[in-house]
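One structure below.
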Amino acid sequence: MAPSSRRDFLKLTGGTIGAAMLPFLKALPAHAATGDTLVVVTGQTINSLDLHRTGTNRASYQVAVNAYDRLVSFGTKPAPGGGLSYDYSVIVPELAESWEISDDGMTMTFTLNPEATFWDGRKVTAEDVKWSFDRAVSVGGFPTVQMKAGGLERPDQFAAVDESTFVITLDRPSKLTLPDLAVPVPFIINAEVAKAHATEADPWAMEYLHTTPAGSGAYKVAAWQQGQQLVYERNDAWTGGPLPAFSRVILREVPSPATRRALIERGDVQMSFDIPNKDAAELDAKEGVEVYSTPIENCIHCLCPNTKFEPFQDANVRKALAHAIPYEAIFQTAAYGRGAPMWGGEAEITDTAWPRKSPYMTDMAKAKELMAASGHAGGFEVPLSISLDLADWMEPTALLMQEAFAEIGIKTQIEKIPGANWRTAALVDKRLPLHLENFGGWLNTPDYYFFWAYKHGHLFNSSNYLNNEVETLVDETLHMSMEAPEYAPKIKRLFEIAFEDLPRIPLWQPALNVAMNGASDYEFWFHRQLDVRPLTSASV
């Protein structure tokens, strides 16, 4: 057996608008942000408090992080862009006090922290863990596929042996199972509260938990005014880690980047989360404001041509797009040079590094040649869709693409979709013919990225792409050890197919930018959402 505990961590191999013009800000004035209260502004919209709910957007994932616990979490390390970062190579306890993995890798036994309680004071039990895992693998959509990535597929794989012992039985050993338990999805719900609000039509209490979390996490949700703000209140009985410094955290949704910038510059708020690249570049030089720009692992900004749209079924059209894109102009205008270019790479693939540059680069003559050879030489019209939540990079990117694509006969109309509706339109319904996307894999392996973004029917395959060889290669490599002799050749073949078929045209690997003025100890996470738990006052 391979034991792990708090003392024995398992290391894994494998035009400015004034604040007064925003009425909701008056309810919680900036001067309240003193002592043990932290005020954060973001341009993102939280549309649900339940990550398992269909259509829950990425901005909402932070509720699962801050208000709920998982069995385990990732460790912490210094971040390349300053500050701290999660450490994918180290797994640490959260609700689990310790765990053991059988020698064959098929059985995982977790012992729960006996001091862990839910917000209502009831002890967290293995039955709560089982019910929560059963829910995650049964509700369908994103959470169920995320669990599947770690080999967690059916309720019969989970057993509550006694009040404090939870066992997972796998169909096959996998390098992804333990890290998959540390992502936001397998959060532990107070099953008694949830079941009390379940109905025959809603056995998993989706409607109740959509607005009323029931967890054991470091923070309770004290108030949620959708489209305005979310207020966290510290759970002083939390046992999943060091007690957070702030007893209250106010997360305000401020759509205007100019307003968010003014607030952080004046010190009216202590953090502005996920700021535009332009602001990050300029605020870096401001005294009193600290900016962290962290490269997002396993993440690529892409242009996605949907294969359900007939012209994009033609490989020459997709390749014409890839050669028409003004990559450098986009990188400088939309990213302000922050991040890593993902174009102009070598045609020969000699390693399994990911993300990697595609072999395409701006070549308008080549783009026109490909269009002329396609079945759509006369051109066509298509909407180019962007999310308003991500307009800081998507809009300038789309405008430059619009101009370039017109040169090869592709007329685009930019469609701006509200952030709260983006996930459903782009990822759930997959109905957007041509759109920008920015998937980032939570588990840091190339096979995991392909599992989500290239497998047919999976959430982030917004291009409706289907290639039978890709399906097979992903299934073969997902749980395979990265040290296995056959792993690297199969991954290289995946890269070859991806660049030949081009269901996703890579643009650049982005950085996540955060500005601080009066707060410290920010920690970057792969899910690109704010973990408020480690934050402290800059004066501490």
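List of remarks:
- The P(r) of the stretch 415-493 has a tail past 14 Å containing 63 percent of all C-alpha pairs.
- Semi-axes of the equivalent ellipsoid of the stretch 144-295 are 37, 21, 16 Å, computed as sqrt(5λ) over the eigenvalues of the C-alpha gyration tensor in descending order.
- Taking 1.306 mPa s as the viscosity and 10 °C as the temperature, the Stokes-Einstein diffusion coefficient of the stretch 436-476 based on its alpha-carbon Kirkwood radius rounds to 154 µm²/s.
- Carbon/sulfur fraction of accessible area - the stretch 38-138, other protein chains in place, 1.4 Å, %: 49 percent
- Estimated 222 nm signal from helices in the chain, with DSSP H stretches of n ≥ 4 weighted -39500 (n - 2.57), rounded to 500: -7500 deg cm²/dmol
- In nm, spacing of pseudo-spin labels at residue 471 and residue 247 (7 Å Cα→C-beta vector): 5.7 nm
- Accessible surface of the stretch 184-276, 1.4 Å probe, proportion on carbon and sulfur as whole %: 50 percent
- Residue 512 long-range amide H proximity, modeled H, under 5 Å: 294, 296
- The residues of the chain have, on average, 37 Å² of accessible surface per residue, using a 1.4 Å probe with all protein chains present.
- When a 1.4 Å probe is rolled over the protein heavy atoms, the share of accessible surface on the stretch 439-523 that falls to carbon and sulfur comes to 47 percent.
- Taking the centroid of alpha carbons for each part, the stretch 35-64 and the stretch 211-230 are 9 Å apart.
- Set 148/195; 319/368; 319/357; 319/430; 455/492; 368/411 screened for pairs whose C-alpha atoms are more than 19 Å apart: 148/195; 319/430
- Kirkwood-Stokes translational diffusion coefficient of the stretch 448-540, alpha-carbon pairs, 10 °C, 1.306 mPa s, µm²/s: 98 µm²/s
- The stretch 96-177 shape via C-alpha gyration tensor axes, a/c threshold 1.5: oblate
- For the chain, convex hull volume per residue from C-alpha positions, Å³: 147 Å³
- For the stretch 38-154, a Kirkwood hydrodynamic radius built from all Cα pairs, placed in the Stokes-Einstein relation at 25 °C and 0.890 mPa s, yields a translational diffusion coefficient of 148 µm²/s.
- Entries of 220/278; 175/416; 308/416; 130/416 with Cα pairs more than 30 Å apart: 220/278; 175/416; 130/416
- For the stretch 306-314, 3J(HN,Hα) per residue [Karplus equation, 6.51 cos²θ - 1.76 cosθ + 1.60, θ = phi - 60°, Hz, x = Gly/Pro]: 7, 6, 6, 8, 3, x, 7, 7, 8
The values are calculated or read from the model by the stated rules, or taken from the named source; none is laboratory data. Computed from a predicted structure; not experimentally measured. Cβ atoms come from the backbone with ideal geometry, glycine included; neighbour counts cover every protein chain shown. The accessibility values were calculated without ligands, DNA or RNA, using every heavy atom of the protein model including side chains. Shrake-Rupley method; radii C 1.70, N 1.55, O 1.52, S 1.80 Å.
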